[in-house]
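The values are calculated or read from the model by the stated rules, or taken from the named source; none is laboratory data. These numbers come from a predicted model, not from an experiment. Quick reminder, even Gly has a Cβ in these numbers, built from the backbone with ideal geometry, and neighbours come from all protein chains shown.
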C-alpha cells in the first residue's frame, strides 16, 4: 500500500506548493496616503495600478499634520470593506527609505514583497531623478537582468549539471534516505514487538537461533524497502520528465518548472546511494530490533525508540543544513565519516562536491565496522530480550544480557 | 529392543539474577512414555523445558536428547514443542502459518501443506485454512497451535500446560490425540499443575517445587510409596477386637473409627495384607476392605505442602 501512496504523496508534495505559490495573493486594495508633498505617491500609485501588478491603489494626498488622523480613520475601515491596507509615505520615504504599511494582509509575504519592490524601485528612481538622472534611463538600467549560470565542476571538469540541479538532487537523496531508513527501521521494531507480544517467538526460538531470527527479519524488511525505493525512483523519474504535462493537467503555470533541468544521475551516485542506504538501514534496524526486544508492548516500544530516532534525526538535519551552507566545511565532512550520520550525509556530499576516494573508503569501512559491532551487541540483547517479559530492563540489566554467554 | 532414553538431564541448574530457578535436577524419560513434569507455578518446569530445548543454556549439568548432547536446535525436527506462553502471527493465513512453522522444522513445503490440511480437517478447521489467524476464535487458534506442534511427526512431543484455557470439548479432542500419539510409540513430556489430568494420562511423573525434585518414578510407584497406606474397613461384627488393632500405634498410625466403619492410615512399611490377616484372625466379619489410593493431588499437596502456596511469577 505504501508503494502506491509514496509516489502519490510525492506528486502532491511537489505540485501543491507550486499551485499555491503561483496562485497566491489575490488583488490587494490599498490606499496610498501621500504626505511627502512632492507627488511621490502619484508615481507609486501609478506603478501599483499597472496591470501586471496585482494591486489597486487609490491616492490620497494629505498634509503632514493630518497624516495620523487620516491613517487612523482609514484603519477603521480596513477589513470592513475591500480595503486591505494603507501605505503611508512621507518626505522621509525618499530621503531615508522609511515607509509604513498598515493593513490586514501585512503578514502575507508575497503581498508585502510586491509593495516593497515597487517602493524600492520608486525610491531609487526618485533619488536618481533628484540628482538629475533621467527616469527613463533608470527604468532601462533596472530592466536588465543578471543571469548567473551555475555549473558544477566534478573531477576537474565542468559538467553539464547546473548548480541548482545538483543541490536539488542532493536534497532529494538526503530526504529519501532519511525517510526510508527511518520508515523501515521502525517496521523492524514493530515486527519484533509483535512476535514478542504474541509469544510466537517461543516456538520460533526452539528451532531457530535468535540471531537467525533477527537477521531474517532485518534482511526481509530491507529487501521490501529496496523494492519500494525502486518503485519510488521510477515514479520520481516519471514525475520529473513528465512534469510539464502534469502541470498542465493541474492547471498551473508550466513555465515555472521549465527552468528546472533534470540533474544528471551518474551510476556512481546510484551505487553510493544504494550502499549507504543498505548499510545505514542495517545499522539502525539492528538498533531498533534490540530496542524492541527490551519492550513488552507496542506502546513501550514506541516510547523506547524515541531516543534512537533523535539520535538519528539530529545529525541528519544538521548534515543537510551543513550541506546547504558549507559542503566543504569541517562539520559536514565529519558528519560524512561518523557512522551514525554518514549513511545520510555522504551520498549528499558525493553529489555536491568531490569526495576523495580515500575518504569515501574510510567512511564505508567505519560504517561497516560500526555495523558489525552494533549487530553483535543487538544480537545479544535480542537473544535474551525476546523471551523476557515483565518490567523494562534498566541499563545495568541490559549490560548483563550482553555479557551473558 | 531396550527402552531407549529419550531425555536425560543430569544435575542441571539454572540461576536468574540471584534466584535459583532449577537446582541440580536429574530427569530421565524413556521412549514411549507419557511423562508428567508436575509442580506449582514458579517451580521451574518451564525453565527446565527451555533448557531441554536449548532455548536457554544451563549454568551447570548436562542435557541429553536422544542419547547425545546435541543441542535442542540440532534435533529440532524430532521434537515438537508447545510452549506455555504461545502465540501465532495474527495476520497470516492459517495454512501458510502451519507450513512456515513446519518448514522451520525441516519439512518440505508440499508435504507440510498436505499434512496441514489433513490435520485441519481432522480437527474440524477445514473451512478455515485460508483465513487469517485473527479471524479464528481462541479455541480454534489453540487447535492450530497444537497442530503446529505435531505437523512434522516428531518423536518427542513436549506440551507445556497444553490444556490451559481450553474448553471441555477441545480438551477431550486433544487428550484423545495425546493418547493416540503415545500408542503410536511417541514420547510425550507433559508439564502441568493440574493433577487430575496428569493422573489420568501419565505413566511416569516427576514432581518439582522451588526448582528441586521432590519425587519421581512411575505413577504406580509414587502412589505406592507415598500413599498405599490408607485403608477403608467396614465390619459387620467383631469391632471390639478390631478396635484393639486400630489402637496399635505400631501398625496403625491414624484411625478414624466410626464403630462399624473405619478409615485407617497405616504406619509406613506395614503391608495392608497383614491388617487383613489380623482382622480375619480376630474373628471380625469384614464387609469392606479397600486399599484407598490417594490421589496424585493429595500426594502433591502432602509433599509440596506450604511450599506450593508460595508461587513467584514464572519467567
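Assorted remarks:
- Of all residues in segment B:57-96, those satisfying the criterion of being farther than 23 Å from residue B:44 by Cα and in a strand (DSSP E or B) are B:68, B:93.
- Scanning segment A:310-326 for residues that are over 18 Å from residue A:277 (Cα atoms) and surrounded by fewer than 20 Cβ atoms within 10 Å (Cβ to Cβ) yields A:310, A:318, A:321, A:324, A:325, A:326.
- Screening residue A:238 on (1) out of contact with any strand residue (DSSP E or B) (no Cβ under 8 Å at 6 or more places or on another chain); (2) within 13 Å of chain B (Cβ to nearest Cβ) shows it passes everything except condition (2).
- Selection from segment B:156-180 of residues that are within 12 Å of the chain's Cα centre (by Cα) and part of a loop (DSSP other than H, G, I, E, B): B:161, B:162, B:163
Table: residues versus (1) in contact with a helix residue (DSSP H, G or I) (Cβ under 9 Å, 6 or more places away or on another chain); (2) surrounded by 15 or more Cβ atoms within 10 Å (Cβ to Cβ); (3) at pLDDT below 90.
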position	(1), (2), (3)
B:68	no, no, yes
B:74	no, no, yes
B:110	no, no, no
B:120	yes, yes, no
B:141	yes, yes, yes
B:151	yes, yes, no
B:158	yes, yes, no
B:176	no, no, no
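- Some residue of segment B:181-194 being assigned by TED's automatic domain parsing to the domain that holds residue B:36, in a loop (DSSP other than H, G, I, E, B) and crowded, with 16+ Cβ neighbours inside 10 Å: yes
- Filtered residues of segment B:229-251 (kept if crowded, with 19+ Cβ neighbours inside 10 Å and part of a loop (DSSP other than H, G, I, E, B)): B:229
- If you check B:254, B:213 for being surrounded by 13 or more Cβ atoms within 10 Å (Cβ to Cβ) and assigned by TED's automatic domain parsing to the domain that holds residue B:20, only one passes: B:213.
- Residue in segment B:86-94 that is within 8 Å of chain A (Cβ to nearest Cβ), farther than 15 Å from residue B:142 by Cα, touching a strand residue (DSSP E or B) at 6+ places or on another chain (Cβ under 9 Å) and buried (at least 19 other Cβ atoms within 10 Å of the Cβ) present: no
- Count of segment A:202-216 residues which are within 28 Å of residue A:391 (Cβ to Cβ) and at the interface with chain B (Cβ under 8 Å from one of its Cβ atoms): 7
- Cross-chain or 6+ apart pairs with Cβ under 8 Å, segment B:50-75 first and over 17 Å from residue B:157 (Cα atoms), then part of a loop (DSSP other than H, G, I, E, B) and modelled with pLDDT of 80 or more: B:56/A:387
- Which numbered condition residue B:312 misses (of (1) modelled with pLDDT of 80 or more; (2) exposed (fewer than 15 other Cβ atoms within 10 Å of the Cβ)): (1)
- Filter pass, residue B:105 being closer than 26 Å to residue A:191 by Cα and either surrounded by 16 or more Cβ atoms within 10 Å (Cβ to Cβ) or within 10 Å of chain A (Cβ to nearest Cβ) (or both): yes
- Which listed residue, of A:71, A:107, A:75, is modelled with pLDDT under 85, over 14 Å from residue A:29 (Cα atoms) and over 32 Å from the mean Cα position of the chain (by Cα): A:71
- The set of residues from segment B:257-289 being closer than 30 Å to residue B:192 by Cα and loosely packed, with under 13 Cβ neighbours inside 10 Å comprises just one member, B:268.
- Matching residues in segment B:178-197 - criterion: being modelled with pLDDT under 90 and touching a helix residue (DSSP H, G or I) at 6+ places or on another chain (Cβ under 6 Å): B:192, B:195
- Taken over segment B:1-32, the criterion of being crowded, with 22+ Cβ neighbours inside 10 Å and over 27 Å from residue A:388 (Cα atoms) is satisfied by B:6, B:29.
- For segment B:32-56, a residue qualifies if it is more than 9 Å from chain A (Cβ to nearest Cβ) and either assigned to a loop (DSSP other than H, G, I, E, B) or more than 20 Å from the chain's Cα centre (by Cα) (or both), and the qualifying residues are B:32, B:33, B:39, B:40, B:41, B:42, B:43, B:44.
- Some residue of segment B:265-278 being outside any helix (DSSP H, G or I), at pLDDT 85 or above and more than 14 Å from chain A (Cβ to nearest Cβ): no
- Residue A:188 being away from chain B (no Cβ under 14 Å) and closer than 22 Å to residue B:103 by Cα: no
- Sole residue being within 25 Å of residue B:184 (Cα to Cα), crowded, with 18+ Cβ neighbours inside 10 Å and touching a helix residue (DSSP H, G or I) at 6+ places or on another chain (Cβ under 9 Å), chosen from B:40, B:83, B:58: B:83
- Filtering segment A:65-78 for residues that are touching a helix residue (DSSP H, G or I) at 6+ places or on another chain (Cβ under 6 Å), surrounded by 12 or more Cβ atoms within 10 Å (Cβ to Cβ), outside any strand (DSSP E or B) and at negative phi leaves an empty set.
- Scanning segment A:392-405 for residues that are within 12 Å of chain B (Cβ to nearest Cβ) and either in contact (Cβ under 8 Å) with a residue 60 or more places away in the chain or surrounded by 19 or more Cβ atoms within 10 Å (Cβ to Cβ) (or both) yields A:393, A:401.
- Residue A:383 passes every criterion in (1) within 14 Å of another protein chain (Cβ to nearest Cβ); (2) loosely packed, with under 14 Cβ neighbours inside 10 Å apart from (2).
- Residue in segment A:356-376 that is in contact (Cβ under 8 Å) with a residue 40 or more places away in the chain, more than 28 Å from residue A:268 (Cα to Cα), assigned by TED's automatic domain parsing to the domain that holds residue A:209 and surrounded by fewer than 18 Cβ atoms within 10 Å (Cβ to Cβ) present: no
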